Amino acid sequence: MKIHQLSMFLENKPGRLSEPCRLLAKAGINILTLSVADTQQFGILRLIVRDWEQAKKVLEQSGCVVNVTEVVATEVEDKPGGLAEILGIIENAGLNIEYMYAFTFRSGDKAVIVFRFNNPDLAIQALQQKNINVINGVELYDRAKQ
Amino acid sequence: MSEFWHDGGCTFHPVSAPDYLPTAQLRQLQLHRLQAVVQRSYDNVALFRHRMEELGLAPWDIQQLEDIQHLPFTIKTDLRDTYPFGLFASPMNEIVRLHASSGTTGKPIVVAYTREDLRVWSNVMVRCFAAAGLDRGDIIQNAYGYGLFTGGLGAHYGAEALGATVIPISGGNTDRQIMLMKDFGTTAICCTPSYFLRILERAAEMGIDLRELPLKAGVFGAEPWTEEMRKRIEPEANIKAYDIYGLSEIIGPGVGNECSEQHGLHIFEDHFYPEIIDPETLKPVPDGTEGELVLTTLSKQAMPMIRYRTRDITALYTEACPCGRTIRRMRRISRRSDDMFIIRGVNVYPSQIEEALLAVEGTAPHYQIVLTNDGIMDDVEVHVEVTPEVFGDTISVMEGLQKKLSASIERIINIRVKLRLVEPNTIQRSEGKAKRVLDMRKK
């Protein structure tokens, strides 16, 4: 159920974000979603792509430091309180969210959110018990195509 | 076929025999050669003769080895002041080779060799390679720069004299270095330790694991490096990394080299007489005490150096080496007084920063020290490249790393520095000597 996310170290300087994007574009790899966490000095770029192994290779060959992290994608009702419901489940399970961001596409009438949990397996279990749809990689990539 | 002798539990190359001279005999040889080289300089080098006269000394005042401490020192500026040929002790028709330093500021330093000097140079280089366990049959890739720099040709002729197969590739073109290393089955490489790091890094990018190649030894020198750096290099390439020492003013590479013990560098003291002095008082210190290394060339003809102040900080070991060599060892040089910078009144050496950074698990040996001044106070900023081993995908992990690294530096130099994490491959790679300190302070 977990999804592979690539993360990269970037210096906080003009133009640093465009290089990895250009490299992936040249390799014909589409970015499904991304987020950037930053401090004054540096940033961490997180990416979700379909062919993450190929993307990692492309980025590493040009000298980037790339990590692979497992994240969880879930559907969220696109209405007031939709996200709060999920956060409540996580809180009750005593789990931590390290960070989260959203997908640009929707799944039917629902939004899709990416979570990085301190313990992804327990989080998946807790969410599924409450009938929250956790989306696996294949399903996610198929939906992104639509 | 091996050229090594295996006698009485010792393994040595015939050419290494002087490494094992009984001490009394070695001292006798040194005195004899010292007297000759002092006479030669006195007769042929005006600067040396004038300094001797000022001190009221004559060559025959050298009656025993200890008398060396009465002789005048030679310093780097003496070579600049007498540029180009002022310190030569041989007529030009006996000089067969010139080398020169890069001379980043003004005129370079010129050094000269007679045919006999070149023979001695090859000979000490063979002893370096033999100490590093290399032999005929080894394939030595010489990635020191060829040309005016002494590293390239010095290592080249030494490796050839050893009987090894030499790949005279010179420095640079890292992709080709790695290709030939793989295709030719290189067993040993000579270069600066910082350039070898570049090779390691590039090989990984090319998908080549150096640990799977026949490469077994590296003879690394021409810049100071630390024991921590060795601990990083050896397992990553599955080689033994040996430290070699030398300087153009004395002969080039080949003044000393580590043996299989990898604990201190044996100085080929039948040719280069070592003294350690206190750089403040200029008085000799006893063996075992740290100070500045002073070298006297005992057999050099074209350009003898009497008591040359190397600016390198080391100490001579007092105990005998388990390898059986009787020539003395010096502690590896991790500090050069030339590299030292003073920040807020504290003396700091780049090697201290290197040691602090490498003490933190997984950090890259690629770093640069940037000195700035905002008009009031000096500041040190240490740039460190992020590696896959230390990269975490959350800000807190990276800030934790920053804190850990600056705390490690503060522990060693007692100054708080700014630590900046930078992307891989952003610190300029050198194909020769690495430039560790960037001084941007307004003078």
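The values are calculated or read from the model by the stated rules, or taken from the named source; none is laboratory data. Source: prediction; values computed, not measured. FYI the Cβ positions are ideal-geometry reconstructions off the backbone, even for glycines, and counts take in every protein chain you see. Heads up: the accessible areas ignore ligands, DNA and RNA and are worked out on the full protein's heavy atoms, side chains in. Shrake-Rupley method; radii C 1.70, N 1.55, O 1.52, S 1.80 Å.
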- Task: Could you give log10 I(q)/I(0) at q = 0.11 Å⁻¹ for the protein assembly as shown, computed by the Debye formula over C-alpha point scatterers of equal weight, without solvent?
- Result: -1.05
- Collect residues whose amide H, placed 1.01 Å from N in the peptide plane, falls under 5 Å from the amide H of B:Gln141; neighbours closer than 5 in sequence don't count. B:Ile167, B:Thr187, B:Ala188, B:Ile189, B:Cys190
- Query: In nm, to one decimal, how far is the modelled label at B:Arg416 from the one at B:Leu98, with both set 7 Å along Cα→Cβ?
  - Reply: 5.4
- So for chain B, what are the equivalent ellipsoid semi-axes in whole Å, largest first, each being the square root of 5 times an eigenvalue of the Cα gyration tensor? 37, 28, 20
- Task: Using a/c under 1.5 as the rounded threshold, could you call the stretch B:314-405 rounded, prolate or oblate? The axes a ≥ b ≥ c are square roots of the C-alpha gyration tensor eigenvalues, and prolate needs a/b larger than b/c, oblate otherwise.
- Result: oblate
- Set the Förster distance to 30 Å, then compute FRET efficiency between A:Glu98 and A:Lys26 from the Cβ-Cβ distance, nearest 0.05. 0.45
- The alpha-carbon center of the stretch A:88-123 and that of the stretch B:105-125 are separated, in whole Å, by 69
- Query: What residues does the stretch A:52-87 have that are buried by at least 20 Å² of accessible area in the full protein assembly compared to the chain on its own, 1.4 angstrom probe?
  - Reply: A:Gln61, A:Gly63, A:Val65, A:Asn67
- Item | Solvent exposure, largest accessible area first (probe 1.4 Å, DNA, RNA and ligands not counted), of B:Tyr83, B:Tyr349 | B:Tyr83, B:Tyr349
- Query: Where does helix B:174-184 land angle-wise versus the long Cα axis of chain B, in degrees 0 to 90, nearest 10?
  - Reply: 70
- Is there a pair in B:Lys231/B:Lys433; A:Lys2/A:Lys56; B:Lys404/B:Lys435; A:Lys56/B:Lys418; A:Lys2/A:Lys130 whose C-alpha atoms are over 26 Å apart, and which pairs would that be? A:Lys56/B:Lys418
- Message: In whole Hz and in residue order, list the ³J(HN,Hα) couplings for the stretch B:293-303 that follow from phi through the Karplus curve 6.51 cos²θ - 1.76 cosθ + 1.60, θ = phi - 60°; x for Gly and Pro.
- Response: 7, 10, 10, 10, 7, 7, 10, 5, 9, 5, 8
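By how many nm would the segment from B:Asp61 to B:Glu290 grow when fully extended, if each residue of separation counts as 0.36 nm and the alpha-carbon distance is taken off? Display every interim value, and only then the final one.
Details: separation 229, 0.36 × 229 = 82.44 nm, distance 2.85 nm.
The B:Asp61-B:Glu290 span can extend by a further 79.6 nm.
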- Sequence of B:Asp339, B:Asp393, B:Asp183 when ordered by accessible area, the most exposed leading, probe 1.4 angstrom: B:Asp183, B:Asp339, B:Asp393
- For A:Lys110, list the aspartates and glutamates whose Cα falls under 15 Å from its own Cα; do not include residues on the same chain fewer than 8 positions away. A:Glu75, A:Glu77, A:Asp78, A:Glu85, A:Glu139
- Query: What list of ³J(HN,Hα) values in whole Hz, one per residue of the stretch A:122-128 in order, does the Karplus curve 6.51 cos²θ - 1.76 cosθ + 1.60 (θ = phi - 60°) give from phi, with Gly and Pro shown as x?
  - Reply: 5, 5, 4, 4, 4, 5, 5
- Say each of B:Gln428 and A:Lys110 gets a label point 7 Å from the Cα, pointing the same way as Cα to Cβ; how far apart are those two points in nm? 5.6
- When the Cα centres of the stretch B:233-266 and the stretch A:1-33 are compared, how far apart do they sit, in Å? 43
- the stretch A:1-34: which residues show an accessible-area loss of 10 Å² or more, assembly versus chain alone, 1.4 Å probe? A:Ser7, A:Phe9, A:Glu11, A:Arg16
- Just the number, please: buried accessible area between B and A, total of both chains, 1.4 angstrom probe, nearest 100 square angstrom. 1800
- Once the Cα atoms of helix B:115-131 and of chain B are each reduced to a long axis, what angle between those two axes, in degrees from 0 to 90 to the nearest 10, is obtained? 50
- Rounded to the nearest 5, what is the percent of antiparallel bridges among the DSSP beta bridges in the stretch B:332-443? 55
- Query: With axes computed from alpha carbons, what is the tilt in degrees of helix B:227-237 against the longest principal axis of chain B, rounded to the nearest 10 within 0 to 90?
  - Reply: 70
- Express the carbon and sulfur contribution to the solvent-accessible surface of chain B as a percent, rounded to the nearest whole number, probe 1.4 angstrom. 51
- Message: Give me the 1.4 Å probe accessible area per residue for the protein assembly as shown, excluding ligands and nucleic acids, in Å².
- Response: 44
- Environment charge of B:Val166, counting only residues whose C-beta is closer than 10 Å and scoring Lys/Arg +1, Asp/Glu -1: -2
- Message: Need one value: the accessible area of B:His263 in square angstrom, 1.4 angstrom probe, rounded to the nearest 10.
- Response: 90
- What's the local net charge at B:Asp278, with K and R +1, D and E -1, over the other residues with C-beta under 10 Å away? -2
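From the C-alpha gyration tensor of the stretch B:247-373, pull out the three semi-axes of the equivalent ellipsoid (sqrt of 5λ each), sorted largest to smallest, in whole Å.
Numbers: eigenvalues 155, 75, 42 Å².
Rounded to whole Å, the semi-axes are 28, 19, 14.
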- Label model pair B:Arg49, A:Glu77: point-to-point distance (7 angstrom along the Cα→beta-carbon line) in nm is 10.4
- Message: Given the stretch B:123-232, report the % of alpha carbon pairs whose separation exceeds 21 Å.
- Response: 30
- Return the FRET efficiency for the residue pair A:Leu87, B:Lys404: r is the Cβ-Cβ distance, R0 is 35 Å, and the value is rounded to the nearest 0.05. 0.65
- Taking all protein chains as present, what is the carbon and sulfur share of the accessible area of the stretch A:1-55, in % to the nearest whole number, probe 1.4 Å? 49
- Message: List, by residue number, every residue in the stretch B:369-404 with a reduction of 50 Å² or greater in accessible area between the chain on its own and the complete protein assembly, 1.4 Å probe.
- Response: B:Phe391, B:Asp393, B:Ile395
- Query: Roughly how many whole Å is it from the C-alpha centroid of the stretch A:47-75 to that of the stretch B:210-231?
  - Reply: 33
